[in-house]
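Heads up, the thing below is written out as structure tokens.
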Amino acid sequence: GAGVSQSPRYKVAKRGQDVALRCDPISGHVSLFWYQQALGQGPEFLTYFQNEAQLDKSGLPSDRFFAERPEGSVSTLKIQRTQQEDSAVYLCASKPDRGANTGELFFGEGSRLTVL
Amino acid sequence: KNQVEQSPQSLIILEGKNCTLQCNYTVSPFSNLRWYKQDTGRGPVSLTIMTFSENTKSNGRYTATLDADTKQSSLHITASQLSDSASYICVVNTNAGKSTFGDGTTLTVKP
């Protein structure tokens, strides 16, 4: 596709369930980012990939959060044993160049997670 | 404390009016600053980028300013349209490779 694609768009999980969120970046984009956005707030950095290498995971809030990008394209954000405070929109963004501080980020529409 | 502060938090204006959104930051070392527009239920889209040496940059009805000395930026919207209703997010990027997002200003344009 032409843009960043995320699925599912909406996910409702019971507390304690595991969830997996998928991101298809723009083809050829080297850098991929995951962000968490709470209602009424700006996106908060979770993790950054350059191709298949996870170069920065300092924003992951706990060891229940895990992200991977095994072939340097599609990425999955997994949240284990979900808790209510995990409810948020999870945004994926990609950009064609290396480096976390340059270039325009192209965002997907996000996956809205609601944990009951 | 967030290192990128935006004001106002929300704003309501009538169609056709102008408005100015503010972004103050303490993030360093500064590399560049971007303004993004986020429509409800969508991902943010870049409007403009400001580098250290740039003071003013226009993109259609959007004009961004940057004062690197006072660490302030503004986004001015001229002749607002209903489609301008969105959240406007200021993002400051550092030379160290970090992006810090503000919490955004929610703009509502009413007919």
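Listed values, structure above:
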{"quantity": "Residue list for the stretch B:48-84, restricted to those being of a type in the set (Gly, Ala, Ser), part of a loop (DSSP other than H, G, I, E, B) and surrounded by fewer than 15 Cβ atoms within 10 Å (Cβ to Cβ)", "calculated": "B:Ser53, B:Gly60, B:Ala79"}
{"quantity": "Number of positions in the stretch A:60-79 that are in contact (Cβ under 8 Å) with a residue 24 or more places away in the chain, farther than 17 Å from A:Val4 by Cβ and surrounded by 15 or more Cβ atoms within 10 Å (Cβ to Cβ)", "calculated": "1"}
{"quantity": "Which numbered condition B:Gln72 fails, given (1) in contact (Cβ under 8 Å) with a residue 12 or more places away in the chain; (2) within 14 Å of chain A (Cβ to nearest Cβ)", "calculated": "(2)"}
{"quantity": "The stretch B:88-111 residues that are at the interface with chain A (Cβ under 7 Å from one of its Cβ atoms), paired with ones that are basic (Lys, Arg) (beta carbon under 8 Å, 6 or more apart)", "calculated": "B:Ile89/B:Lys37; B:Asn93/B:Arg34"}
{"quantity": "Residue in the stretch B:80-90 that is out of contact with any His (no Cβ under 7 Å at 6 or more places or on another chain) and either at pLDDT below 95 or of a type in the set (Phe, Trp, Tyr) (or both) present", "calculated": "yes"}
{"quantity": "Strands (runs of 3 or more DSSP E) enclosed by the stretch A:67-116 - at least 1 residues per element that are over 22 Å from B:Ala96 (Cβ atoms) and within 14 Å of another protein chain (Cβ to nearest Cβ)", "calculated": "A:88-95, A:111-115"}
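The values are calculated or read from the model by the stated rules, or taken from the named source; none is laboratory data. None of the values given here were measured: they were computed from a predicted structure. Counting neighbours? That spans all protein chains shown, and the Cβs are built from the backbone with ideal geometry, glycine included.
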